Amino acid sequence: LPEEESSHRFIAQYKSIGNLCDMLLGYMLGELKNSDFSPKYFELSLEDGKTMPDGFSAKPFALEVPMPDGSVKTVKIRGTVDRVDIADSSGRHWIRVIDYKTGPKDFSLKKVYYGLNLQLLLYLFALCRNNSEYRASAATYYPSGSTPLIDTDQEPDEQTKRELWLKEHSGDGIAVIDSQSDIERRNYIAAALDKKEAESMFSADMLRLEKLNVLEERICDQLTENISAVVSGDVSAVPVVNKNDLLACTYCKYRSVCGRRPRLERAVRDISGQEASGFANMLKEKDRERSDK
């Protein structure tokens, strides 16, 4: 419809979507402008026996899980990767997987310890396992939702809009130290006139490759434990909490059925506890200092 025939609400939403697309494209162009990474696959589904025309394997993540009867079953975890970037640099082939979110993503290694935030990491592990010539570089979330409203007496300039957008939309997740993602992060920050803005674009946890392997082992242990429990009939509610905040229960439709109540003295997994915090600190120990050198 012509603008004069459209409602004020429709026009406002249309302009908001346009501004959001403009900001997101500007972010992506700024990131890729001086990067060796190129988007290779979009909406890549991981399926049994799937191989792309160029020979790139898109098989799902596979895990051998002991069953209660003593047998071992292969469990495959399928999914769809929003975007897969490939970089060929210094004779090495790097993989970066990206997931777009409509809102900020609160990624935490402490949550990973207890079996949350696994999806994107499993995609990265699957692609690297099934394509041995490629190395893991990063698994990051790109929030693409709107920026919260602010009180202002006048229309903010483009720089202010960009700063507000970056504040809410920095790429979260993990990146491997000394990989292509880390090299480009350091180069981008070193060359940027606005160091604060440049650093805000990179909020991923930096891990050494050997620590990423430790993380993969923990994820496999968590998956094996959870799958074995479900197969054996153990579906008891042991939610992940942050202090007294029941993360998994907040919006659950079946909260009244399981009987879980806040502060109930039953088993929980606390990401603010020493066990999860110690694991996260071990993964990042001395890594941040090294990555900033």
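The values are calculated or read from the model by the stated rules, or taken from the named source; none is laboratory data. This structure is a prediction, so every number in the text was calculated from the model and none was measured. Neighbour counts are summed over all protein chains in view; Cβ atoms, including those assigned to glycine, are modelled from backbone coordinates with ideal geometry. Areas reflect the complete protein model, heavy atoms only, side chains present, ligands, DNA and RNA absent. Shrake-Rupley method; radii C 1.70, N 1.55, O 1.52, S 1.80 Å.
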Using the Cα centre of region 1-126 as the reference point, and only Cβ charges (+1 on K/R, -1 on D/E), how large is the resulting charge dipole? Debye, rounded to the nearest 20.
480
By accessible area of protein heavy atoms, probe 1.4 Å, what ranking do Thr80, Thr140, Thr74 get, highest first?
Thr74, Thr80, Thr140
Taking all protein chains together and a probe of 1.4 Å, list Ile174, Ile17 from the most accessible to the least accessible.
Ile17, Ile174
For region 1-106, diffusion coefficient by Stokes-Einstein and Kirkwood Rh (Cα), 20 °C, 1.002 mPa s, µm²/s
119
Which of the peptides 6-13, 50-57 is most tightly packed, and how do the rest follow, judged by the mean count of other Cβ atoms within 10 Å per residue?
50-57, 6-13
Take the Cβ-Cβ distance between Ser203 and Glu5 as r, set R0 to 30 Å, and report the resulting FRET efficiency rounded to the nearest 0.05.
0.10
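Taking all protein chains as present, what is the carbon and sulfur share of the accessible area of region 1-109, in % to the nearest whole number, probe 1.4 Å?
About 53 percent, which is the carbon plus sulfur part of the accessible surface.
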Taking the Cβ-Cβ separation of Ala229 and His93 as r and a Förster radius of 35 Å, what is the calculated FRET efficiency to the nearest 0.05?
0.40
Taking only protein heavy atoms and a 1.4 Å probe, what accessible area per residue, in Å², does region 1-142 have with all protein chains in place?
54
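With the cut-off at 23 Å, tell me which of the pairs Lys73/Lys101; Lys15/Lys40; Lys111/Lys243; Lys111/Lys284; Lys101/Lys284; Lys73/Lys284 have Cα atoms farther apart than that.
Beyond 23 Å between Cα atoms: Lys73/Lys101; Lys15/Lys40; Lys101/Lys284; Lys73/Lys284.
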